[in-house]
Amino acid sequence: MPDLPAGFLWGAATAAYQIEGAAGEDGRGESIWDVFCRRPGAVADGSSGAVACDSYHRWRDDVDLLAGLGVDAYRFSVAWPRIVPDGGGPVNRAGLDYYDRLVDALCERGIRPFVTLYHWDLPQALEDRGGWRVRDTAERFAAYAAVVAGTLGDRVEDWITLNEPYCSSIVGYAEGRHAPGRTEGHGALAAAHHLLVGHGLATAAIRGAVEQARVGITLNLSPAVAASGSPADRAAAHRQNLMLNLQFTDPVLAGRYPAGFEDLYAGVSDLSFRRDGDLALISAPLDFLGVNYYYRVHVADAPYRSSDPASRSAYDIGVRQLPAPAGVRATDLGWPVEPEGMYDTLVGLADRYPGLPPIYVTENGCAELREEPAPDPERIAFVADHLDAVARAAADDDRLDLRGYFYWSLIDNFEWARGYGPRFGLAHVDYRTGTRTPKASYHWLRAQLAARRG
Ligand code: IFM
């Protein structure tokens with residue numbers, strides 16, 4: 001185990017729709033993912049999260065796994081449609097009770113809960129009223145956050161407002177690969193902005209409900225690398241960075257939209273959804289930033305799919321994503337394994353944002369496509385190499401305050417549009433029986449954590 005900062009926190013992460021199942025139980029409302037999964041062809045294997053890992057019933061097994069692993073913390077998400085089934089109406093006490101029990105069990109085992117309030121499962125009723133394209137959803141989100149914080153805040157101090165707003169906006173409303181499965185320009189950019197407004201409003205709501213709360217947001221960051229030194233490819237990499245990274249980091253960490261952003265979307269959107277005061281709200285000081293790092297994106301310049309900006313999706317920025325370059329290993333999903341991207345991401349944040357808050361790596365992990373539990377040496381190497389990169393960044397750059405690392409994911413689960421094929425877990429899940437079987441990586445990590453304690 002590399003030399004990590006004192007007090008460095010170890011954890012594992014999951015998300016509600018990917019593990020809970022029980023989609024129709026105890027008053028849970030429908031989410032955009034329930035609806036999206038029914039769309040033919042939307043999910044690779046035609047599956048959904050309706051049953052998933054059945055953690056709604058098997059949560060004790062998950063807590064046992066965490067305790068056996070010896071982690072300090074567990075990052076999980078709360079399903080908004082379980083708490084406020086129609087997004088804005090009455091609160092469903094049975095939904096809150098589920099998380100109450102889970103948090104109690106974690107605290108009893110000495111595991112610190114990190115609660116994510118939005119990991120993509122928007123109540124469908126709100127999507128029917130405009131979803132994240134409309135500001136009202138941000139306000140509803142803050143009201144829901146206040147309810148959860150008011151219930152769990154006597155035991156939960158660490159709160160993450162949003163997970164990966166890039167995916168909830170651009171992948172969901174512009175690329176169309178995730179729920180709600182749209183390919184819009186203006187609407188997707190409005191969604192990205194309103195998600196950040198929701199983050200700002202929810203931050204204030206959580207702090208209002210829980211005096212000792214520490215509040216952060218989790219962003220997925222993937223540095224873009226130009227396929228060549230040509231001006232065209234370098235410009236493409238910059239556009240990719242604007243869309244994927246800077247659109248989110250600059251408003252949150254610097255209270256501005258990045259230079260060049262308006263030009264990128266000239267003719268696509270008039271950005272009229274922005275209001276005075278939004279950026280101040282969005283950039284309210286954070287207690288921590290969550291960084292999800294998986295891979296770098298290698299890109300080349302490419303023709304726009306639509307020649308008319310007015311009908312262009314916000315994902316259509318004249319960029320082609322390339323496979324892992326020759327000589328770079330890729331995971332079974334084809335994602336390039338480049339731990340130096342983790343290093344660059346962390347150091348790059350410190351370069352760009354003076355006064356950067358403390359950082360947790362809130363996700364990092366790799367998937368295999370094997371169905372049966374099997375040795376997973378590639379996962380062990382992946383984690384070790386990425387931790388090395390984290391340790392190097394911490395050692396090299398004293399502007400960085402790196403506080404912890406959460407492996408994605410504790411257990412195999414529903415990998416969104418890819419269905420159940422990819423397995424990210426430290427523990428294998430047999431989806432027919434629900435049985436969890438720790439993989440070699442679980443045993444390896446347990447030994448590392450025990451050695452650290454010892
Ligand atoms: O499974 C997802 C998770 O929900 C969000 N971050 C990336 C993971 C792997 O794709």
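The values are calculated or read from the model by the stated rules, or taken from the named source; none is laboratory data. These numbers come from a predicted model, not from an experiment. No Cβ is skipped: glycine too gets one built from the backbone with ideal geometry, and neighbour counts run over all protein chains shown.
Given G110, G198, G187, G172, which one is of a type in the set (G, A, S) and outside any helix (DSSP H, G or I)? The match here is G110. In segment 388-396, the condition of being within 16 Å of the ligand (Cβ to nearest atom), at pLDDT 95 or above, under 22 Å from the mean Cα position of the chain (by Cα) and within 30 Å of Y353 (Cβ to Cβ) is met by no residue.
A residue that is in contact (Cβ under 8 Å) with a residue 12 or more places away in the chain, surrounded by fewer than 19 Cβ atoms within 10 Å (Cβ to Cβ) and in contact with a strand residue (DSSP E or B) (Cβ under 8 Å, 6 or more places away or on another chain) occurs nowhere in segment 240-262. Out of curiosity, is V147 within 28 Å of R403 (Cα to Cα), outside any helix (DSSP H, G or I) and away from the ligand (no atom under 16 Å from the Cβ)? It is false that V147 is within 28 Å of R403 (Cα to Cα), outside any helix (DSSP H, G or I) and away from the ligand (no atom under 16 Å from the Cβ). Scanning segment 406-443 for residues that are within 20 Å of the chain's Cα centre (by Cα) and surrounded by fewer than 22 Cβ atoms within 10 Å (Cβ to Cβ) gives E415, A417, R418, G419, Y420, G421, P422.
Can you say whether H298 is out of contact with any Lys or Arg (no Cβ under 8 Å at 6 or more places or on another chain) and farther than 30 Å from E368 by Cβ, as far as the supplied structure shows? Here the answer is no, as H298 does not meet what is asked. When you scan segment 33-48, do you find a residue that is aliphatic (A, V, I, L, M) and closer than 19 Å to L162 by Cα, even just one? The answer is no, given that none of the residues of segment 33-48 is aliphatic (A, V, I, L, M) and closer than 19 Å to L162 by Cα. Among the residues of segment 35-72, those identified as closer than 25 Å to A12 by Cα and charged (D, E, K, R) are D54, R58, R60, D61, D62, D64, D72. Note on segment 234-278: among residues that are in a helix (DSSP H, G or I) and of a type in the set (D, E), the one that is nearest to G341 (Cα to Cα) is D250. Close Cβ contacts (under 8 Å, 6 or more residues apart or on different chains) running from residues in segment 204-226 that are at pLDDT below 95 to residues that are part of a helix (DSSP H, G or I) are absent.
Given segment 289-397, what strands (runs of 3 or more DSSP E) lie entirely inside it while holding 3 or more residues that are buried (at least 21 other Cβ atoms within 10 Å of the Cβ) and of a type outside the set (D, E)?
In segment 289-397, the matching strands (runs of 3 or more DSSP E) lie at 359-363.
None of P165, P123 is within 16 Å of the ligand (Cβ to nearest atom) and either farther than 30 Å from G267 by Cβ or in contact with a His (Cβ under 8 Å, 6 or more places away or on another chain) (or both) except P165.
If you take the residues in segment 279-288 that are under 23 Å from L9 (Cβ atoms) and assigned to a loop (DSSP other than H, G, I, E, B), which one is nearest to the ligand (Cβ to nearest atom)? Of everything passing the filter in segment 279-288, L286 is nearest to the ligand (Cβ to nearest atom).
For N413, the conditions (1) within 16 Å of the ligand (Cβ to nearest atom); (2) outside any strand (DSSP E or B); (3) closer than 16 Å to T345 by Cβ all hold with the exception of (3). Of all residues in segment 172-192, those being within 16 Å of the ligand (Cβ to nearest atom) and without any contact (Cβ under 8 Å) to a residue 24 or more places away in the chain number 0.
In segment 323-350, the residues that are small (G, A, S) reach residues that are surrounded by fewer than 15 Cβ atoms within 10 Å (Cβ to Cβ) with C-beta atoms within less than 7 angstrom, at least six apart or across chains, in these pairs: A324/G334; G334/P323; A350/R399.
Residue pairs whose Cβ atoms lie under 9 Å apart, separated by 6 or more positions or on different chains, with the first residue in segment 33-51 and in contact (Cβ under 8 Å) with a residue 24 or more places away in the chain and closer than 22 Å to P81 by Cβ and the second part of a loop (DSSP other than H, G, I, E, B) and charged (D, E, K, R), are W33/D121; D34/D121; A42/R177; S48/R38; G49/E20; G49/D121. Report yes if G404 is at pLDDT 95 or above and within 16 Å of the ligand (Cβ to nearest atom), otherwise no. For G404, the condition - at pLDDT 95 or above and within 16 Å of the ligand (Cβ to nearest atom) - is not met.
Among the conditions (1) surrounded by fewer than 22 Cβ atoms within 10 Å (Cβ to Cβ); (2) in contact (Cβ under 8 Å) with a residue 60 or more places away in the chain, T151 misses just one, which is (2). Within the set A125, A105, the sole residue that is surrounded by fewer than 24 Cβ atoms within 10 Å (Cβ to Cβ) and closer than 26 Å to V35 by Cβ turns out to be A125. Inspection of segment 442-454 identifies at least one residue that is in a loop (DSSP other than H, G, I, E, B) and away from the ligand (no atom under 16 Å from the Cβ). Among the residues of segment 269-278, are any more than 28 Å from R207 (Cβ to Cβ) and surrounded by 19 or more Cβ atoms within 10 Å (Cβ to Cβ)? Within segment 269-278, one or more residues are more than 28 Å from R207 (Cβ to Cβ) and surrounded by 19 or more Cβ atoms within 10 Å (Cβ to Cβ).
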